[in-house]
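J.: Here it is, the structure, as structure tokens.
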Amino acid sequence: LNFAGFQSRLFAKFTDLLIVLLLGLLIRGGVGSLLGFFYSLVADSLPFKGFQGQSIGKKLLRIQVVDEEGNPPRLKASVIRNIPVGIVTLLMVIPVWGWILSFLVGIPFGLIELSLIARAKGHQRLGDVMAETRVIRKYHR
């Protein structure tokens, strides 16, 4: 497999987290934060044509999530692989303090995840290990 590079994964995740943050900021009353949480869990199994195993960030960076057989992940695998990130985004539902907690928990957790991507076999972060997935470069045919 041709694993996705560290930088492309980083920028894809940054893009997806920006979407989560914008949802939370633009749609008030906790609804935006819940939508961001939902997106953070299912992002790698979006049911749209051309998004097989790709969040919006991964689509832009031309990388994708695959299972051990090389297939795009099903909804269950997407949720499992994104639970670690989802927990951090769920905190944003709590007014004011949730956003602060999200950053206090999210920054160290994100650094651990980045370290795993950079150093682990197959460049797997915790969520990839849990869901038995990999992130690869996607080539257009």
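The values are calculated or read from the model by the stated rules, or taken from the named source; none is laboratory data. Since this is a predicted model, take the numbers as computed values, not measurements. A quick note on method: Cβ atoms are made from the backbone with ideal geometry, for glycine too, and the neighbour counts reach across all protein chains shown. Heavy atoms of the whole protein, side chains included, go into the accessibility calculation; ligands, DNA and RNA do not. Shrake-Rupley method; radii C 1.70, N 1.55, O 1.52, S 1.80 Å.
J.: Could you run through segment 54-77 and say how many residues are within 19 Å of Gly110 (Cβ to Cβ) and open to solvent by less than 20 Å² (accessible area, probe 1.4 Å)?
T.: The total comes to 5.
J.: Is one or more of the residues making up segment 121-134 within 11 Å of the chain's Cα centre (by Cα), closer than 18 Å to Phe6 by Cβ and assigned to a loop (DSSP other than H, G, I, E, B)?
T.: The answer is yes; a qualifying residue exists.
J.: For Gly30, all conditions in the list (1) small (Gly, Ala, Ser); (2) on the phi < 0 side of the Ramachandran plot; (3) in contact (Cβ under 8 Å) with a residue 60 or more places away in the chain hold save one; what is the number of the exception?
T.: Only one criterion is unmet by Gly30, namely (2).
J.: Would you please name the residue that is nearest to Gln54 (Cα to Cα), looking only at residues in segment 106-138 that are touching a residue at least 40 places away in the same chain (Cβ under 8 Å) and surrounded by fewer than 14 Cβ atoms within 10 Å (Cβ to Cβ)?
T.: Gly122
J.: Pull up segment 7-28, narrow it to residues that are surrounded by fewer than 13 Cβ atoms within 10 Å (Cβ to Cβ) and more than 16 Å from Asp44 (Cα to Cα), then point me to the one that is farthest from the chain's Cα centre (by Cα).
T.: Arg28
J.: A further question follows. Of the residues that make up segment 30-50, is at least one of a type in the set (S, T, N, Q), within 13 Å of Lys138 (Cα to Cα) and touching an Asp or Glu at 6+ places or on another chain (Cβ under 8 Å)?
T.: no
J.: Restricting to segment 89-105, what's the tally of residues that are open to solvent by 20 Å² or more (accessible area, probe 1.4 Å) and in contact (Cβ under 8 Å) with a residue 12 or more places away in the chain?
T.: 6
J.: Suppose the filter is over 17 Å from Met130 (Cβ atoms), assigned to a loop (DSSP other than H, G, I, E, B) and at pLDDT below 95; does Phe51 pass it?
T.: So Phe51 fits the description; yes.
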